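Presented below is the structure to which this report refers.
The values are calculated or read from the model by the stated rules, or taken from the named source; none is laboratory data. The shown structure was predicted, so the numbers you read here are calculated from the model rather than taken from an experiment. Quick reminder, even Gly has a Cβ in these numbers, built from the backbone with ideal geometry, and neighbours come from all protein chains shown.
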Amino acid sequence: LAIGQENAFPWIERDLGIEFDEWDVPTVDKVTFESTRQGIYFGGDSAFGPENIIWAVEHGHQAAISIHKHCSSEPLDKRLPHGMNLLSTKMSIHEWSFSNDYDPSNRRRMRHVELKQRFDELNIEVELGFSAEQFVTEVERCLNCDIQTEFTAKLCIECDACIDVCPVRCLTITQNGDKSDLVKRLSAPVTNQDAPFYVSDALPQTSRVMVKDENLCVHCALCAERCPTGAWDMRKSELLIPYAIDEEVAACNRKTG
Ligand code: SF4
Ligand code: SF4
């Protein structure tokens, strides 16, 4: 059990070569997680102050790479780069490898134990969780943010079918222009001027562009289902973050050529 209340390192002797910063936490390299003493690593709250458990785990992975390199006498800062894959989720004409039936229902209200029972039994769990029906609805409310719409401009024949079917009217084919000018010509009014927009390359037929208001898209895949040429696709983004084992495999591959 880890309870992050306060960083305190009175147990580390100050003459070991481990430097401390103005918050009295060890000075740690942001890439290698090594302290100022070679071979000693820190992660989690003790490295850069309070963060969440997800970052603590990531710090552990990065420190593991450093420890592996230290033991292999390799430079700690020569690491595999992060990468990203975009893989199509298309299974057939109307079938995707994710549930695209977006449900715009409001968030379900979780069931709780009645107040009287809570006072009668102070040691009981108050939240009862979702019912099976609520659970299914909650799952369908997911916006599938890891699934990206991917557009191939050269395939578009400007039939407007995707624009017609989009339930939130986030697509527009129009002449290109400055963002301040483009926003006046979009299918749906722009409520957030800072929202990100996708603007395609010039389309082959008229040199207009496909514009998508990323703020509105609910990743329903209807544009990709309707498109007769496959210009729209739904692709799953996959972050590729190397672990120590990947560094070892890469090192073996380098040795064997
Ligand atoms: S995925 Fe759905 S909401 Fe997004 S652009 Fe396509 S049709 Fe519109
Ligand atoms: S449905 Fe396909 S071909 Fe038609 S306008 Fe949309 S992207 Fe272009």
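Quick look at the values:
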read-out: For W23: the one exception among (1) farther than 26 Å from S237 by Cβ; (2) of a type outside the set (D, E); (3) surrounded by 11 or more Cβ atoms within 10 Å (Cβ to Cβ); value: (3)
read-out: Boolean, W23 is over 22 Å from P242 (Cα atoms) and either at pLDDT 90 or above or part of a loop (DSSP other than H, G, I, E, B) (or both); value: yes
read-out: Unique match (being within 16 Å of ligand 2 (Cβ to nearest atom) and not polar (S, T, N, Q)) among R235, R254; value: R235
read-out: In region 180-217, the residues that are in contact with a Phe, Trp or Tyr (Cβ under 7 Å, 6 or more places away or on another chain) and surrounded by fewer than 17 Cβ atoms within 10 Å (Cβ to Cβ); value: E214
read-out: Filter result for the condition that a residue is surrounded by 10 or more Cβ atoms within 10 Å (Cβ to Cβ), touching a residue at least 12 places away in the same chain (Cβ under 8 Å), more than 15 Å from E247 (Cβ to Cβ) and basic (K, R), over K30, K69, K90; value: K90
read-out: Residue within region 160-174 that is surrounded by 14 or more Cβ atoms within 10 Å (Cβ to Cβ) and either acidic (D, E) or away from ligand 2 (no atom under 16 Å from the Cβ) (or both) present; value: no
read-out: Qualifying positions in region 166-187 - of a type in the set (A, V, I, L, M, F, W, C) and within 18 Å of L143 (Cβ to Cβ); value: C166, V168, C170, L171
read-out: Residue list for region 209-228, restricted to those being among the basic types (K, R) and within 10 Å of ligand 2 (Cβ to nearest atom); value: R226
read-out: Qualifying residues in region 61-98 (those that are under 22 Å from the mean Cα position of the chain (by Cα) and of a type in the set (S, T, N, Q)) - the one farthest from K30 (Cα to Cα); value: S97
read-out: Pick from region 112-122, criterion in a loop (DSSP other than H, G, I, E, B) and modelled with pLDDT of 90 or more, ranking: farthest from E238 (Cα to Cα); value: E121
read-out: Checking K154 against (1) part of a loop (DSSP other than H, G, I, E, B); (2) more than 16 Å from ligand 1 (Cβ to nearest atom), the condition it does not meet; value: (1)
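Okay, residues lined up against (1) at pLDDT 95 or above; (2) farther than 30 Å from P228 by Cα; (3) in contact with a strand residue (DSSP E or B) (Cβ under 7 Å, 6 or more places away or on another chain):
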residue	(1), (2), (3)
N52	no, yes, no
A64	yes, yes, no
I67	yes, yes, yes
H70	yes, yes, no
M84	no, no, yes
T89	yes, no, yes
S92	no, no, no
R107	no, yes, no
M110	no, yes, yes
